[in-house]
Amino acid sequence: MLAVSPALYRENFVCRAIDPVTHGSQTKLSMPSIEAIVFDLDGTCLSTEQLIVDVARRVLQRKGSSLTKEALEQSIGKPPLDAWQSTIDALGLEASAEDLYAESEAELTEHWHDASYMPGALRLIHHLRGQTASLKIGLATSTPRAVLAKKIQNKPLLQRVFQAVVCGDDDDIRGRGKPHPACFLKVCSLLSVEPSRTLVFEDAPSGLVAALEAGCHCVYVPSIANDSAEEALSEAMRQRVTRIPTLLAFDPVAFGLEAFRDTVEGTIPFVEHPESVIRIRGTVVKGFGRGSSELGIPTANVDTMAVARVLPGATTGIFYGWASLPGKYPGTVYATALSIGWNPFFKSGDDDVGKTCEPWLLHDFGGEDFYGAEIAVLVLGFIRPESGEFSSLEALVDRIKEDGEVTKRVLAGEAMMAFREDEFLRGR
Ligand code: ADP
Ligand code: RBF
Ligand code: MG
């Protein structure tokens, strides 16, 4: 890995470092050195989406209804009232969005502490606080202070890592929520840094605008997949945005910060923070029928609901781990390289093509298929973001085969081998 001292980046820096995980896609040609990092909370540090869905299920159950895939797809990512209206419409319910929202809020209050970290958030925050050069870290959230306390009550890192915290109900912020820049201006002032030397992490369009209006740079990790938030920005503002599909793809070197030191074979193993391991259990479903025929690489597509349960909707990437087919081949564990995302290479402008989760089991099943079988995938690391930038189908196939080789090498490590014994792979 590249180790670059921030001292090299004093005033204006030129950075051409190629990071093996991000492939240098975040190279910034010119910007002032970064002295502070400011995080948004919901959807950026914490994955609150799944929690909200679970509570929505219970609210609906009490109304004698239940959440369907269609209703979920139409409501996810929307502001709460809009989301409830979409759910009501999709299910044909006799209820008001205001009432269901109030009911869900009352229950969510008791469950905020169940929210898990967004993929890569725990690792990134640990890394930033461990920088040798002093780097300030702040939080600017729309969450009221009392709710923040609940959300981080079992997250000791989030309780102590921020040197300044600005909340949505602070006296000078109330009524001036994002996209108003007040919260970012306030946190910069509390940290005594210039906004131009502050890097904000945001997942929402309103937060992106607020950060830019304040004069900060923004790493935009959208919670709503395939959104077009940048289109509403001026050309000058767009210069200060770096879009990435997941925090796992963030390259600190591109911002003059120290490189991560935890990569193995250019990948990010999750084993250092065991709570980052992703456990997907679902059913093998039919895909586009492209894997074996067009690519010569069969992939056992997992049903989308199973993936939505454990991974934020907009998170994508190429990962590795162990997989099993507990009902069919109990006791056998397979190495797998998997792609989670929209297969941009094939998309060719078709927005209806949905997100897929496709484990390629690195084993020859002799032409057999196992549609309908239960599949368990223990995701242990991140290889790279998915890409649509391949010059040909052969180039994509070569890259996928390389992903498979990397997977085999990394999984041979002791800590990775130990996960073969994980209970999760044995079935329900
Ligand atoms: P689809 O688009 O329907 O997923 P694929 O050609 O990608 O079509 O895969 C078809 C099926 O092949 C998988 O769902 C699975 O049942 C089977 N299969 C056979 N060998 C493998 C393997 N090594 N890895 C993943 N799936 C495999
Ligand atoms: N599709 C892409 O469009 N871009 C990718 O970067 C990409 N990487 C993949 C990596 C692995 C390990 C696997 C198994 C698949 C990948 N695919 C990618 C998905 C591929 O498009 C998909 O399996 C086929 O479309 C068959 O459904
Ligand atoms: Mg497939």
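Just so it is clear, none of the values below were taken in a lab; they were calculated from the coordinates. What you see is a predicted model; the values in this text were computed from it and never measured. Glycine also receives a Cβ, built like all others from the backbone with ideal geometry; neighbour counts cover every protein chain displayed.
Structural remarks
- Relative contact order, percent, the chain [alpha-carbon distance under 8 Å, six or more residues apart]: 16 percent
- Simple spin-label estimate for ARG290 and HIS111 in nanometres, 7 Å along Cα-Cβ: 3.5 nm
- Segment GLN131..GLU194, full-extension length gain: 20.7 nm, with 0.36 nm per residue of separation and the alpha-carbon distance subtracted.
- In the range 187-269, the trypsin sites (Lys or Arg not before Pro) that fall in loop regions by DSSP, at most 12 other Cβ within 10 Å: ARG261
- Between GLY321, GLY130, GLY404, the GNM of the chain built on Cα springs shorter than 10 angstrom shows GLY130 fluctuating the most.
- Distance between the C-alpha centres of the range 365-418 and the range 51-71: 34 Å, rounded to the whole angstrom.
- Calculated [222 nm] ellipticity per residue, helices only, for the chain: -8000 deg cm²/dmol; basis is -39500 (n - 2.57) per DSSP H run with n ≥ 4, divided by all residues, nearest 500.
- If you model the range 225-361 as an ellipsoid using its alpha carbon gyration tensor, with each semi-axis the square root of five times an eigenvalue, the axes come out at 30, 22, 13 Å, biggest first.
- Net lengthening on full extension, GLU73/PHE390 (0.36 nm per residue, minus Cα-Cα): 111.2 nm
- Of all aspartates and glutamates in the structure, those lying under 17 Å Cα to Cα from LYS150, and not within fewer than 8 positions of it along the same chain, are ASP40, ASP42, GLU49, GLU105, GLU107, GLU110, ASP114, ASP169, ASP170.
- Other residues lying with their Cβ under 9 Å from the Cβ of GLU272 contribute a combined charge of 0, Lys and Arg counting +1, Asp and Glu -1.
- Using the Cβ-Cβ distance between LEU362 and HIS273 with R0 = 22 Å, the FRET efficiency computed as 1/(1 + (r/R0)^6) comes to roughly 0.30.
- Values of log10 I(q)/I(0), in the order q = 0.11, 0.14, 0.16, 0.22 Å⁻¹, for the range 325-428 under a Debye, Cα-only, solvent-free model: -0.41, -0.66, -0.84, -1.32
- Inter-label distance for ASP82 and ASN226, nm, one decimal - labels placed 7 Å from Cα along Cα-to-Cβ: 1.7 nm
- Between the range 212-235 and the range 165-202, the Cα center-to-center distance that results, in Å: 16 Å
- Rg/Rh (Cα only; Kirkwood hydrodynamic radius) as it applies to the range 152-208: 0.97
- 20 Å-binned pair-distance histogram of the chain (Cα, whole percent): 25, 57, 18, 0
- Assigned charges on the beta-carbon of Lys, Arg, Asp, Glu; the chain dipole about Cα centre (debye): 900 debye
- Inverting the pair-averaged 1/r between distinct Cα atoms of the range 59-163 gives 16.3 Å as its Kirkwood hydrodynamic radius.
- Percentage relative contact order, the range 249-315, counting C-alpha pairs under 8 Å, at least six apart: 24 percent
- Simple point charges give the picture: +1 on the Cβ of Lys and Arg, -1 on the Cβ of Asp and Glu, and for the range 162-297 a dipole about the Cα centre of about 340 debye.
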